[in-house]
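Heads up, the thing below is written out as structure tokens.
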Protein chains: 2
Amino acid sequence: MVDLKMCPKFESAFELLGKRWTGLIIHALLSGCRRFCDISEMIPHMSDRMLAERLKELEAAGILKRIVYPETPVRIEYELTEKGHELKPVMDAIQKWAEQWISPEEKQDAST
Amino acid sequence: MVDLKMCPKFESAFELLGKRWTGLIIHALLSGCRRFCDISEMIPHMSDRMLAERLKELEAAGILKRIVYPETPVRIEYELTEKGHELKPVMDAIQKWAEQWISPEEKQDAST
DNA sequence: GCCATTACTTACATTAAGTAAGTCTGTTTA
DNA sequence: TAAACAGACTTACTTAATGTAAGTAATGGC
């Protein structure tokens, strides 16, 4: 064997990214979504319950911040912090890989 | 909102990577692990049960192949296919991000 | 024959995620 | 004034995924 130990920072990063929906939510925010309903619409298979939970986790992890605009009616927006925005190269690499290697049959839901 | 639909290939890629352990297993294989026990050793928090399950999934997804050497005793090795190996840029991007943005306190297990 | 090793499998407990309905604040409609 | 509506969540409950621990099968050494 080559390495005996996994880099703990890498492991920690995957505790975040290796959770269902997390990556897709970050991707949605990177591509311009800001509001709860927008993100929800962009990821149709995900429930509101999961979105709310993940948004809290991502906020706690410093990936995004929740901004309340005390308008009428109140508007809440989510935006990536610098830490979150810096995940763009990761998302781009995944996008590139997916385009090259995921065949049409692997698409999980052909209903739309 | 900007985009209305998530790219289905991207979504499909995250069905794989967005599962616990998957990323760490691929990382282990990229860094030279080949045998069940080696991977298991490199990811101490993961159980054998999960490793066996993930290896099957990754084999089914064409990310790796299982090779049996009918020696005495039999030796089984796992190696990445081209599809699997091409995830290196993704892993590198994550590693780079993790090194820059994960603070020491976020390391999940400081026992070792 | 008995114990060890490797690569799993099985059974059962716990945690995470899915589904659907409900809450809260404020607004618009009747 | 009350009923209905919108947005952003919560809560309760079910199902699926993961964790834990013990067991299996093939081979070799003691």
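The values are calculated or read from the model by the stated rules, or taken from the named source; none is laboratory data. These numbers were taken from a predicted model, which means no experiment stands behind them. FYI the Cβ positions are ideal-geometry reconstructions off the backbone, even for glycines, and counts take in every protein chain you see. Note: accessible area is taken over every heavy atom of the protein model, side chains too, but ligands, DNA and RNA are not part of it. Shrake-Rupley method; radii C 1.70, N 1.55, O 1.52, S 1.80 Å.
Some observations on this one:
- Taken over the Cα atoms of the protein assembly as shown, the convex hull encloses 136 Å³ per residue.
- For GluC sites (Glu not before Pro), the sites in the stretch B:1-78 that DSSP calls loop and that have at most 11 other Cβ atoms within 10 Å are B:Glu71.
- For chain A, modelled as a GNM whose springs connect Cα atoms under 10 angstrom apart, the maximal fluctuation among A:Thr72, A:Thr22, A:Thr81 occurs at A:Thr72.
- Label geometry 7 Å along the beta-carbon vector: A:Gln95 inter-copy distances in nm: 2.4
- Helix B:88-101 axis, angle to chain B major axis (alpha carbon atoms, nearest 10°): 60 degrees
- Shape class for chain B: oblate, because the ratio a/c of the largest to smallest gyration tensor axis (alpha-carbon atoms, square roots of eigenvalues) is 1.5 or more and b/c is at least a/b.
- Axis angle, to the nearest 10 degrees, between helix B:48-60 and the longest C-alpha principal axis of chain B: 80 degrees.
- In chain B, the longest principal axis of the Cα atoms and the axis of helix B:8-17 are about 50 degrees apart.
- Chain B, relative contact order [Cα under 8 Å, separation at least 6], %: 20 percent
- Helical contribution to [θ] at 222 nm, DSSP H n ≥ 4, -39,500 (n - 2.57), averaged over the protein assembly as shown, rounded to 500: -14500 deg cm²/dmol
- Using a 1.4 angstrom probe on protein heavy atoms only, the contact between B and A buries about 5200 square angstrom of accessible area, both sides summed.
- Cross-link pairs beyond the 22 Å C-alpha cut-off, checked among B:Lys56/B:Lys88; B:Lys19/B:Lys65; B:Lys65/B:Lys88; A:Lys65/B:Lys19; A:Lys96/B:Lys56; A:Lys96/B:Lys96: A:Lys65/B:Lys19; A:Lys96/B:Lys56
- Using only side-chain charges placed at the Cβ, +1 for Lys and Arg and -1 for Asp and Glu, the dipole size of the protein assembly as shown relative to its Cα centre rounds to 120 debye.
- Accessible surface computed residue by residue for the stretch B:19-100, with neighbouring protein chains in place and a 1.4 Å probe, gives 51 Å² per residue.
- Rounded to the nearest 10 Å², the accessible area of A:Phe14 at probe 1.4 Å: 20 Å²
- Heavy-atom surface analysis with a 1.4 Å probe gives the stretch B:19-100 a carbon and sulfur content of 52 percent of its accessible area.
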